[in-house]
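Taken together, the values in this text are just the output of simple stated rules run on the coordinates, not laboratory data. The model shown is predicted, which means the values in this text are computed figures rather than measured ones. Cβ coordinates were reconstructed from backbone atoms using ideal geometry, including for glycine residues, and neighbour counts include every protein chain displayed.
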Protein chains: 2
Amino acid sequence: MLTIGQLAAYAGVTVRAVRHYHQVGLLPEPERDASGYRRYGATAVVSLIRIRTLANAGVPLSQIGDLLEADASDFAEAVQRIDSHLRDEIERLETSRKQIAELTAGDSLALPLEVAAYLDRLRDIGASKRMVEAERDGWILVAARWPERVIEWMPAKVAELDNPQVVRLYRILSEIFDGDADDDPRMAEAADIMAALAEQAHAAGEMNLGEEAHDDLPHDLIDALAVESDPRVERLLELMRERGWSGWNRMERLVEPPD
Amino acid sequence: MLTIGQLAAYAGVTVRAVRHYHQVGLLPEPERDASGYRRYGATAVVSLIRIRTLANAGVPLSQIGDLLEADASDFAEAVQRIDSHLRDEIERLETSRKQIAELTAGDSLALPLEVAAYLDRLRDIGASKRMVEAERDGWILVAARWPERVIEWMPAKVAELDNPQVVRLYRILSEIFDGDADDDPRMAEAADIMAALAEQAHAAGEMNLGEEAHDDLPHDLIDALAVESDPRVERLLELMRERGWSGWNRMERLVEPPD
DNA sequence: TGAAGGGTTGACGCAGCGTCAGGGTCAAGC
DNA sequence: GCTTGACCCTGACGCTGCGTCAACCCTTCA
């Protein structure tokens with residue numbers, strides 16, 4: 001007769017595991033000796049080894065009991081199920097590995113590489129750290145909603161950065177929001193540039209985003225995000241409204257200008 | 001301002017998950033509105049998306065907080081750790097798949113194929129179901145202790161089955177233990193055959209198992225197993241003792257026979 | 001006789017939420 | 001003004017397979 005420790009050692013498991021199998025009814029509780037110790041016979045050893053064999057193969061404990069009593073065809077079927085479940089699990093993990101492989105650096109986190117490249121360009125033309133982070137967060141919102149489309153939009157955005165007006169705009173905005181003046185006079189200049197750019201885009205008919213325009217939520221969120229990150233943005237929006245434009249990222253004409 | 005449901009929908013997660021992130025401190029609790037509802041700004045949306053991006057990549061929640069604030073080198077290092085952890089997990093599951101692939105049928109469960117083949121042969125020569133199962137359980141005990149050696153021993157065991165005496169022995173034993181007579185007269189015949197076989201083996205010097213002989217536990221367990229599976233085995237052991245042999249599976253001479 | 005090395009039950013911990021239970025709130029239609 | 005359905009709230013258990021205390025008892029050996 002074996003003690004629980006000897007039984008466990010023979011089967012290569014821990015004592016705790018054996019007790020657990022008792023608890024879940026996988027292994028019957030044996031008789032106790034005079035001092036209350038569990039005493040095991042050879043049958044228990046065999047049962048335990050068979051249980052461990054299945055458990056090592058990845059079979060959930062809850063199924064092992066049935067499996068040990070199943071006939072050949074039920075057994076084969078169950079094995080099939082378990083195997084395909086394992087395959088799914090492996091695939092899930094493989095996907096995870098691919099995903100983290102793409103998380104090489106900070107910006108590409110939650111963003112496609114194209115957008116990360118755009119943000120790098122922004123940094124290059126002199127946008128401040130805060131500015132780039134704000135842009136990044138905005139694009140995260142966009143990418144979450146239109147993960148496919150956002151990639152298509154990037155070439156045009158990158159091209160915009162060749163426009164000296166745009167470069168000047170980002171530099172001014174960077175300086176304004178990196179400073180701590182509550183009412184920087186350059187804010188008016190920024191608004192002027194933005195209005196001019198909007199005017200050009202409108203004239204060129206580039207202001208239509210397609211069906212995405214119908215979903216206001218991302219745009220509203222981006223506006224809100226900008227204000228949350230710096231309340232002075234509110235002032236900038238006001239200046240834009242004075243110039244006949246609403247919004248921050250998806251500008252709309254408030255009033256048609258006189259001819 | 002978004003409700004928790006809108007926030008969750010935007011990021012593609014469940015409401016419960018968001019609340020969980022609050023609980024573990026990953027996402028800060030937002031302000032409440034007049035009726036106690038949580039109200040989220042755009043910043044929360046961005047945070048949540050970034051959290052999910054890492055979580056989807058298999059990063060444990062407990063590390064996501066640090067990771068979102070880490071610099072590029074710490075980030076890369078952490079990503080390395082997580083990736084190698086994922087690799088280990090995948091390998092574990094692959095191993096499981098291999099294992100269950102080998103569990104095609106009942107007997108090979110916890111036994112190498114060689115032993116399963118031996119059991120099939122046993123069935124072929126007319127051993128009863130009970131008999132084969134008893135043998136199987138015995139070999140499970142042996143295979144658990146000497147997984148390598150057991151394979152080497154099988155050819156000799158299979159060869160034994162060509163011996164008509166052995167075949168007869170298994171048939172008699174099958175009949176005895178499939179019946180319900182408490183004192184089957186054929187038991188003496190079985191004992192005679194076993195004694196004769198032991199004598200032959202002893203004479204041929206085949207009774208040494210090598211160093212394995214020093215470990216009594218498996219042998220004792222097999223004897224116990226036999227008795228547990230049918231108490232009448234005890235009688236058989238007694239008959240063997242009368243014939244000068246001890247034990248059931250690893251027989252030893254009790255007394256040297258007179259010349 | 002005391003210490004070491006077993007054994008006993010009971011209970012919490014882990015990871016990441018899912019899923020009740022038992023409420024309150026909001027918007028819309030009657 | 002009332003109902004209905006869709007949301008929101010907190011609190012708590014469940015799942016998987018044990019690991020790891022805690023607090024205590026039993027046996028054995030120096």
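Please list, short to long, the whole-number percent of alpha-carbon pairs of the stretch B:1-63 in consecutive 5 angstrom bins beginning at zero.
Per 5 Å bin, starting at 0, the Cα pair percentages come out as 4, 19, 32, 28, 12, 5, 2, 0.
Where the centre of each part is set by its Cα atoms, how far does the stretch B:59-91 sit from the stretch A:1-55, in angstrom?
With the stretch B:59-91 and the stretch A:1-55 each reduced to a Cα centre, they are spaced 39 Å.
When Cβ neighbours within 10 Å are restricted to other protein chains, what is their mean count per residue of peptide B:133-145? Walk me through the numbers before you get to the answer.
Values: counts 1, 0, 0, 2, 7, 2, 1, 6, 6, 0, 1, 9, 1.
Mean shielding by partner chains, rounded to a whole number: 3.
Between B:H214 and B:E199, how many nm apart are label points set 7 Å from Cα along the C-beta direction?
The modelled label-to-label distance comes out at 3.3 nm.
What's the angle, to the nearest 10 degrees (0 to 90), between helix B:72-102's Cα axis and the longest principal axis of chain B?
The answer is roughly 30 degrees.
Report the one residue of B:M187, B:I222, B:I125 whose Cα lies farthest in the direction of the positive end of the charge dipole of the stretch B:111-229 (charges on C-beta: Lys and Arg +1, Asp and Glu -1; origin at the Cα centre).
B:I125
Put +1 on the Cβ of every Lys and Arg and -1 on every Asp and Glu Cβ in chain A; which of A:V233, A:I90, A:G25 then has its Cα farthest towards the positive end of the dipole?
Projecting each Cα onto the dipole axis, the largest value belongs to A:G25.
Suppose every Lys and Arg Cβ carries +1 and every Asp and Glu Cβ carries -1, with no other charges. What dipole size does the stretch A:113-253 come out with about its Cα centre, to the nearest 20 debye?
For the stretch A:113-253, the charge dipole is close to 280 debye.
If the only charges are +1 at each Lys and Arg Cβ and -1 at each Asp and Glu Cβ, what is the size of the charge dipole of chain A around the Cα centre, to the nearest 20 debye?
Numbers: 29 positive and 49 negative charges, 407 e Å.
With Lys and Arg at +1 and Asp and Glu at -1, about 1960 debye.
Can you tell me the order of B:220-227, B:154-161 when each peptide is scored by its average per-residue count of other Cβ atoms within 10 angstrom, highest first?
Averaged packing, sorted descending, gives the order B:220-227, B:154-161.
Counting residues in the stretch A:113-253 as N, plug N into 2.2 N^0.38 Å and put the Cα Rg over that result.
0.99
Mind checking the mean number of beta-carbon atoms from other chains within 10 Å of the Cβ atoms in B:40-48?
6
Scattering from the C-alpha atoms of the stretch A:42-192 alone, worked out with Debye: what is log10 I(q)/I(0) at q = 0.14 1/Å?
Once normalised to I(0) and log-transformed, intensities are -0.80.
Given the DSSP H assignment, sum -39500 (n - 2.57) over each helix run of at least 4 residues in chain A and divide by its residue total; what's the result at 222 nm in deg cm²/dmol, nearest 500?
-21000 deg cm²/dmol, from helical runs alone.
What is the helix-to-structure angle for B:186-203, meaning the angle in degrees between its Cα long axis and the longest Cα principal axis of chain B, kept from 0 to 90 and rounded to the nearest 10?
The helix B:186-203 is inclined about 90 degrees to chain B.
Taking Cα pairs under 8 Å and at least six residues apart, what relative contact order does chain B come out at, in percent?
Worked out over chain B, it gives 11 percent.
If the only charges are +1 at each Lys and Arg Cβ and -1 at each Asp and Glu Cβ, what is the size of the charge dipole of the stretch A:28-118 around the Cα centre, to the nearest 20 debye?
The calculation lands at about 440 debye.
To the nearest 0.05, what FRET efficiency results for A:N56 and B:T43 with a Förster distance of 51 Å applied to their C-beta separation?
Details: r = 47 Å, r/R0 = 0.93.
Efficiency computed from Cβ-Cβ geometry: 0.60.
Per residue and in cubic angstrom, what volume does the convex hull of the Cα atoms of the protein assembly as shown have?
Hull volume normalised by residue count: 236 Å³.
Could you give me D for chain A, from Stokes-Einstein at 25 °C and 0.890 mPa s, where the hydrodynamic radius is the Kirkwood radius over C-alpha pairs? Units µm² s⁻¹, please.
Working: Rh = 24.3 Å.
In µm²/s, the coefficient is 101.
Tell me, what ³J(HN,Hα) does each residue in the stretch B:36-46 have, in order and in whole Hz, if you take phi through Karplus 6.51 cos²θ - 1.76 cosθ + 1.60 with θ = phi - 60° and put x for Gly and Pro?
x, 6, 6, 10, 10, x, 5, 4, 4, 4, 4
If you average the C-alpha positions of the stretch B:123-173 and of the stretch A:144-160 separately, how far apart do those two centres end up, in angstrom?
So the separation of the two Cα centres works out to 71 Å.
Report, largest value first, the span of the C-alpha coordinates of the stretch B:1-109 along each principal axis, in whole Å.
Ordered largest first, the stretch B:1-109 gives principal extents of 67, 38, 20 Å.
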